[in-house]
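The values are calculated or read from the model by the stated rules, or taken from the named source; none is laboratory data. Because the structure is predicted, anything quoted here is derived from the model rather than measured. Cβ coordinates were reconstructed from backbone atoms using ideal geometry, including for glycine residues, and neighbour counts include every protein chain displayed. These area figures cover heavy atoms from the full protein model, side chains too; ligands, DNA and RNA do not enter into them. Shrake-Rupley method; radii C 1.70, N 1.55, O 1.52, S 1.80 Å.
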Amino acid sequence: MEILYILLGSLFLVFMVWGIVDEINKKKKRLEREHRIKQSGIYEVDRMTGEMFEEYLQFLFTAIGYQAHMTSTSGDYGADLILTAPSKIIVVQAKRYKNKVGLKAVQEIVSAKRHYGADECWVITNNYFTAPAKNLGFSNDVLLIERDQLVDLMMEVNMGEQLV
């Protein structure tokens with residue numbers, strides 16, 4: 001019986017240590033994510049004007065390898081950027097917002113896709129999308145790139161240092 005208590009006590013200690021290590025790993029991941037966000041330049045993006053954000057995205061996608069062209073500020077039919085790759089055209093709606101992006105942006109880019117004869121359409125924001133916007137985007141094959149994915153993209157291209 002004494003051996004059973006020793007084994008149960010040892011097993012309890014193992015689970016306690018495992019839980020502590022798990023919490024440490026979670027905290028480490030949170031701190032790494034916070035560091036990545038600080039290094040990404042997303043806070044500078046948050047302070048940009050809408051037009052500056054469009055220019056930034058043009059620079060970002062050019063660095064990735066797309067040909068990126070901004071549309072005119074008025075009469076753009078819902079597209080702020082047109083990205084071209086060897087076999088496709090992508091129209092992009094850029095939304096540098098303080099609040100979540102709603103349905104209107106998704107509706108506009110869907111119509112822009114048809115107008116420009118594009119193969120794909122994207123909406124990119126420094127914020128997040130509302131649930132209805134996500135639903136409409138999903139049902140219309142719109143790629144929605146929100147804050148977390150934008151940070152990842154910025155880090156992939158290592159753009160953070162160039163924003164300062």
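Summary table below
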quantity	calculated
Furthest towards positive pole of dipole, Gln93, Ala63, Leu4, structure part the stretch 1-124, Cβ charges	Leu4
Binned Cα-Cα distances of the stretch 74-119, short to long, each 5 Å bin given as a whole percent	5, 22, 30, 21, 13, 6, 2, 0
With every protein chain in place, the stretch 1-129: carbon and sulfur % of accessible area (1.4 Å)	60 percent
Within a Gaussian network of the chain (alpha carbon springs, distance under 10 Å), most fluctuating of Leu31, Leu153, Leu81	Leu31
Lysine pairs meeting the criterion (Cα under 17 Å, 8 or more apart or interchain), as found in the chain	10
Gain on full stretching of the segment that runs from Ser72 to Glu156 - 0.36 nm per residue minus C-alpha separation	27.4 nm
Net dipole in debye of the stretch 76-145 [+1 Lys, Arg Cβ; -1 Asp, Glu Cβ; about Cα centre; nearest 20]	300 debye
Selection from Val110, Phe53, Ala133 lying farthest towards where the dipole of the chain points positive, charges on Cβ	Ala133
Spin-label model distance (nm) - Asn25 vs Asn140, 7 Å beyond Cα toward Cβ	4.2 nm
Sequence-distant residues sharing a close amide H with Phe129 (under 5 Å, placed H)	Val101
Helix-derived mean residue ellipticity, 222 nm - over the chain, DSSP H n ≥ 4, -39500 (n - 2.57), to 500	-18500 deg cm²/dmol
Student exercise, the stretch 45-164 dipole from Lys, Arg, Asp, Glu Cβ charges, in Debye to nearest 20	400 debye
Relative packing of 104-111, 138-145, 125-132, which averages over residues the other C-beta atoms within 10 Å, highest first	104-111, 125-132, 138-145
DSSP bridge orientation in the stretch 17-150 - percent antiparallel, rounded to nearest 5	45 percent
Full-extension gain in nm, Leu4 to Arg47, via 0.36 nm per residue minus C-alpha separation	9.2 nm
